[in-house]
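Trainee: Dropping the structure in here first, questions after.
Please treat every number below as a calculation from the coordinates, not as lab data. This one's a predicted model, so the numbers in the text were calculated from it and none came from an experiment. Methodologically, a virtual Cβ is constructed for each residue, glycine included, from the backbone with ideal geometry; neighbour enumeration extends over all protein chains shown.
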Amino acid sequence: MISETKDVTEGQLSTPTVYKSVMDALTTGTVSRIDLMINIVVMIIVFVAMVSLINMAL
């Protein structure tokens, strides 16, 4: 094992987000996860298109 040669840096912690209401929490969570859902749907569409393209070539 090699000993630590650099100085230890301080990590920064972020405070948890405090929501004002249940609706605020729901809308914030929904908006932040829309991009993930769109990426998954696009990947599925591309996968189906590639399978279809390969089937047409054979």
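Trainee: So, counting K/R as plus one and D/E as minus one, what does the shell of residues with Cβ under 13 Å around Thr27 add up to?
Mentor: Counting the neighbours of Thr27, the net charge comes to +1.
Trainee: Using the crude model of +1 on Lys and Arg Cβ and -1 on Asp and Glu Cβ, and no other charge, please compute the dipole size for the chain relative to its Cα centre, in debye to 20. Write down the numbers at each step before the final one.
Mentor: Details: 3 positive and 5 negative charges, 57 e Å.
With Lys and Arg at +1 and Asp and Glu at -1, about 280 debye.
Trainee: I would also like to ask the following. Using Cα springs under 10 Å in a Gaussian network model of the chain, which residue among Leu13, Leu36, Leu26 shows the largest mean-square fluctuation?
Mentor: Result: Leu13 has the largest fluctuation of those listed.
Trainee: Helix 22-57: angle to the longest alpha-carbon principal axis of the chain, degrees 0 to 90, nearest 10?
Mentor: 40
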